[in-house]
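Worksheet: the structure to be examined is printed underneath.
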Amino acid sequence: WYGRHLTWVLDHQSLTLGVAIATLAVTAGLYILIPKGFFPDQDTGLIQGVSVATQSISYDGMADRQQALAAAVLKDPDVESLSSFIGVDGNNVTLNSGRFLINLKERDQRSTTVSEVIRHLQQETSGVAGITLYMQPAQDLSLDNTVSRTQYQFILESASSDTLGIWTPQLVAALRERPELSDVVSNLEDNGLAAFITIDRDTAARLGVSVGTVDNALYDAFGQRIVSTIFTQSNQYRVILEADPKSYASTDSIQSLYVPSAAGGQIPLSAIAKVTMEAKPLLINHLAQFPAATVSFNLAPGSSLGAAVDAIEKVEQDLKMPASISTTFEGAALAFRNNLSNELLLLLAAVLVMYIVLGVLYESFIHPITILSTLPSACIGALLGWIVFGDDLIIIALIGIILL
């Protein structure tokens with residue numbers, strides 16, 4: 001009888017161990033298969049937008065297109081109001097881009113979420129020629145220190161700006177083919193227009209015109225020449241000298257400027273100089289000391305951040321970019337990637353903390369193990385629920401599973 005009882009106990013323990021191993025395997029398999037995210041998208045009722053036009057656009061042309069975009073956005077019944085601006089400042093660093101802040105109606109006054117509103121606005125603004133509006137929902141909690149055109153960021157860095165200019169468009173084109181990504185765009189601005197003024201120094205010297213005189217005439221017409229200051233009791237105002245804006249609607253107006261000569265007369269600039277137009281970078285971004293380009297992207301409907309990150313890494317490997325280009329994620333995408341690499345350690349640390357707490361509570365080394373042995377089976381139910389409802393396994397959900 002003792003032998004039979006011992007055999008039954010051993011068989012029972014083997015069965016229990018087998019079930020435990022199978023449960024752990026199923027839990028690990030479900031964890032690997034389930035789509036993973038980072039932070040959920042909040043519906044704060046506010047949309048951030050970045051408008052982008054052609055790199056050679058003028059200020060007046062940008063203003064007209066920005067107003068056309070604003071009119072198209074305000075036609076949406078879910079939009080309450082908006083504010084927009086263009087011009088170069090600390091946040092908006094190029095003339096061909098503008099910013100939008102779109103206020104939506106209260107959540108109980110609209111039947112759509114902020115993500116659905118963005119998709120509607122993309123369709124409504126696609127008919128505005130010459131400009132594109134990129135949008136993302138504003139979040140109360142964000143890890144990004146800059147507002148890019150779309151939600152997530154991926155940075156390419158190289159010591160050679162020419163190499164960066166060759167490979168960035170190829171990467172963007174390849175990423176646009178991936179079904180996990182949408183609205184893929186880069187901030188590489190290498191197709192702006194620059195006016196080069198070549199002075200015929202022999203002719204200029206014969207007419208008594210120095211290079212400094214030409215430089216001063218150009219700055220007087222197109223720069224920020226302060227000629228006086230008006231003082232009042234509470235403020236002061238700078239008086240700026242400039243040419244009539246109507247007179248320089250085209251580059252031909254540069255050659256129509258007159259410069260003073262040593263003889264006291266006025267000489268047209270076209271007599272001593274030639275103006276040529278060339279394509280040059282509108283903006284050169286840097287990461288630390290090297291030229292860099294930021295590729296930003298949104299998630300396609302039904303896609304997860306984990307799938308998007310895997311797709312970008314797969315495209316990067318397939319393109320076989322040169323070793324002189326280094327790539328890295330930025331902001332929320334970087335935090336998500338780092339979180340995945342440390343997640344196993346964090347889970348083990350959480351289980352260890354729970355074991356210590358339960359050991360102190362029950363004053364036992366064995367009882368906490370008995371209780372924690374139910375954790376894999378509980379995780380199976382939670383992960384199956386996430387798969388059934390089609391949600392991503394975000395970091396907050398993972399914390400909730402462990403706490404349960």
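The values are calculated or read from the model by the stated rules, or taken from the named source; none is laboratory data. Small disclaimer: the values here were computed from a predicted structure and weren't measured. So basically every Cβ, Gly included, is an ideal-geometry build from the backbone, and we count neighbours across all protein chains shown. SASA here: full protein model, heavy atoms, side chains in, ligands and nucleic acids out. Shrake-Rupley method; radii C 1.70, N 1.55, O 1.52, S 1.80 Å.
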**Request:** Scan the stretch 245-256 residue by residue and report those that are free of Cβ contacts under 8 Å to residues at least 24 places away in the same chain and open to solvent by less than 90 Å² (accessible area, probe 1.4 Å).
**Result:** P245, S247, S250, S253, Q255, S256
**Pick from the stretch 90-118, criterion open to solvent by less than 60 Å² (accessible area, probe 1.4 Å) and among the basic types (K, R), ranking: nearest to S58 (Cα to Cα)** = R99
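Given the condition touching a Phe, Trp or Tyr at 6+ places or on another chain (Cβ under 7 Å), outside any helix (DSSP H, G or I), modelled with pLDDT of 70 or more and open to solvent by less than 40 Å² (accessible area, probe 1.4 Å), answer yes or no: does some residue in the stretch 342-365 qualify? Spell out the reasoning first.
Residues of the stretch 342-365 touching a Phe, Trp or Tyr at 6+ places or on another chain (Cβ under 7 Å): 359.
In the following step, the residues that additionally are outside any helix (DSSP H, G or I) were identified as none.
Scanning the stretch 342-365, I find no residue that is touching a Phe, Trp or Tyr at 6+ places or on another chain (Cβ under 7 Å), outside any helix (DSSP H, G or I), modelled with pLDDT of 70 or more and open to solvent by less than 40 Å² (accessible area, probe 1.4 Å), so the answer is no.
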**Message:** On the basis of being surrounded by 18 or more Cβ atoms within 10 Å (Cβ to Cβ) and touching a helix residue (DSSP H, G or I) at 6+ places or on another chain (Cβ under 6 Å), does L175 make the cut?
**Reply:** yes
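If you check R99, R110, which single one turns out to be out of contact with any helix residue (DSSP H, G or I) (no Cβ under 9 Å at 6 or more places or on another chain), in contact (Cβ under 8 Å) with a residue 24 or more places away in the chain and among the charged types (D, E, K, R)?
R99
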**Request:** Among the residues of the stretch 55-78, write down those that are modelled with pLDDT of 90 or more, outside any helix (DSSP H, G or I) and β-branched (V, I, T).
**Result:** none
**Residues within the stretch 280-322 that are at pLDDT below 85, assigned to a loop (DSSP other than H, G, I, E, B) and open to solvent by 40 Å² or more (accessible area, probe 1.4 Å), tallied** = 8
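Filter the stretch 188-203 down to the residues that are among the polar types (S, T, N, Q) and open to solvent by less than 40 Å² (accessible area, probe 1.4 Å) and list them by number. Step through it out loud before you land on a result.
Start the filter on the stretch 188-203 by keeping residues that are among the polar types (S, T, N, Q), which leaves 191, 198, 203.
Of everything in the stretch 188-203, just one residue is among the polar types (S, T, N, Q) and open to solvent by less than 40 Å² (accessible area, probe 1.4 Å), namely T203.
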**Prompt:** Which one of S158, S228, S142, S126 is in contact with a helix residue (DSSP H, G or I) (Cβ under 6 Å, 6 or more places away or on another chain) and among the hydroxyl-bearing types (S, T, Y)?
**Reply:** S158
**Prompt:** Counting only residues that are among the charged types (D, E, K, R) and assigned to a loop (DSSP other than H, G, I, E, B), which one in the stretch 79-116 is nearest to the chain's Cα centre (by Cα)?
**Reply:** D89
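Anything in the stretch 257-278 that is among the small types (G, A, S) and surrounded by 13 or more Cβ atoms within 10 Å (Cβ to Cβ)? List them, or say none.
Taking the stretch 257-278 as the starting set, the residues that turn out to be among the small types (G, A, S) are 261-265, 270-271, 273.
Selection gives S261, S270, A271, A273.
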**Request:** Mind telling me which of the residues L133, L121 ends up being more than 30 Å from A279 (Cα to Cα) and either open to solvent by 50 Å² or more (accessible area, probe 1.4 Å) or at pLDDT 85 or above (or both)?
**Result:** L121
**Message:** Could you check the stretch 220-239 and list, in sequence order, the residues that are without any contact (Cβ under 8 Å) to a residue 24 or more places away in the chain, open to solvent by less than 70 Å² (accessible area, probe 1.4 Å) and small (G, A, S)?
**Reply:** G223, S228
**Item:** Residue, most open to solvent (accessible area, probe 1.4 Å), within the stretch 146-164, restricted to residues that are among the polar types (S, T, N, Q) and over 10 Å from the mean Cα position of the chain (by Cα)
**Value:** S161
